[in-house]
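Participant: I have a structure here, written as structure tokens, and I will follow up with some questions on it.
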Amino acid sequence: MNCRTLSGSLRARRAATAALLLTAALALVGCGASSADRPPATVSTGTASTGTSSAGLRGDRLSTPITLTAAAKADEFTSSAGGKTSLATLQQGHLMLLYFGYTNCPDVCPTTMADLGSALRQLPSQVQARTQVVFVTSDPARDTPTVMKAWLAHFDSGLIHHFIGLTAAITQIDAVAKSVGVPLSPPVRAPDGTITVEHGAQTLAFVDSAARVLWTADTPVPDYAHDIEQLAAGVNG
């Protein structure tokens, strides 16, 4: 299954869960991930059409927040901006929008980055200044810092904060992804030579090292903008 198939699956699942309490096995969906890869947290979802949820946000609110573990905070990544950094550093004083994907993804990754960029451009400069989009590659063999910097530049034009791409050894990336409930699978080469990387397609919104809301890949741009503005207002520092 490739990411194009995943996108349709996410839309179907989101529509089906409008009035229910779900396990994160539905909300934290990876491309082809097995149920064993999915954490047991629960989410409360509102309907995308009405834009409501129990927290007044339009994304999916986690009843049990996802926190950055000590290891995830401490692990250093090579940044597309140059040098080394960590998730702890990037989320200090920011709403950190964390996404795992790869630059050769045919649809869901570029679409999500484009939607986040469009949402941020609708918001005041002070909101942009308090928001950091962090893209962690699930394909480090091909996604060098230079490659990610050029790819992410397509989405962050005109924003106060550039999108940041991170890479490291695949074992480190996989461990951090699993610690925040995002399933990843090794790259697979098709007979025609195409390489696909199955991965979770959710964006996690971290404030003060905890994510209490996530968005699936089909989230409308106005919903991103609505939630980002509210979440950024709660950032300390």
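Participant: Run down Val197, Val188 and say which single residue is over 18 Å from the mean Cα position of the chain (by Cα) and more than 18 Å from Leu90 (Cβ to Cβ).
Facilitator: None of the other options fit; the residue is Val188.
Participant: Follow-up question, since we're still on this one. Of everything in the stretch 116-132 that's surrounded by 20 or more Cβ atoms within 10 Å (Cβ to Cβ) and part of a helix (DSSP H, G or I), which residue is farthest from the chain's Cα centre (by Cα)?
Facilitator: Per the criteria, the residue is Val127.
Participant: Another one. Kindly establish whether Gly101 is touching a Cys at 6+ places or on another chain (Cβ under 7 Å), crowded, with 18+ Cβ neighbours inside 10 Å and either on the phi > 0 side of the Ramachandran plot or not acidic (Asp, Glu) (or both).
Facilitator: Considered against the rule, which asks whether it is touching a Cys at 6+ places or on another chain (Cβ under 7 Å), crowded, with 18+ Cβ neighbours inside 10 Å and either on the phi > 0 side of the Ramachandran plot or not acidic (Asp, Glu) (or both), Gly101 comes out as yes.
Participant: Still on this structure, I have one more. Condition check: touching a residue at least 12 places away in the same chain (Cβ under 8 Å), under 23 Å from Ala232 (Cα atoms) and in contact with a Gly (Cβ under 7 Å, 6 or more places away or on another chain). Does Leu166 satisfy that?
Facilitator: no
Participant: Out of the strands (runs of 3 or more DSSP E) lying entirely within the stretch 67-115, which hold 1 or more residues that are hydrophobic (A, V, I, L, M, F, W, C)?
Facilitator: Those strands (runs of 3 or more DSSP E) span 76-79, 95-101.
Participant: Being of a type in the set (A, V, I, L, M) and over 22 Å from Ala168 (Cα atoms) is the filter here, so list the residues in the stretch 81-107 that pass it.
Facilitator: The one that is of a type in the set (A, V, I, L, M) and over 22 Å from Ala168 (Cα atoms): Leu95.
Participant: Note down all Cβ pairs under 6 Å where the first residue falls in the stretch 188-213 and is free of Cβ contacts under 8 Å to residues at least 24 places away in the same chain and farther than 25 Å from Gly117 by Cβ, the second is assigned to a strand (DSSP E or B) and of a type in the set (A, V, I, L, M), and they're at least six residues apart or on different chains.
Facilitator: Within 6 Å, the pairs are Arg189/Ile195.
FYI, it's all coordinate maths here, none of it is from the lab. The model shown is predicted, which means the values in this text are computed figures rather than measured ones. Positions of Cβ are generated from backbone atoms using ideal geometry, with glycine treated the same way; all protein chains shown enter the neighbour counts.
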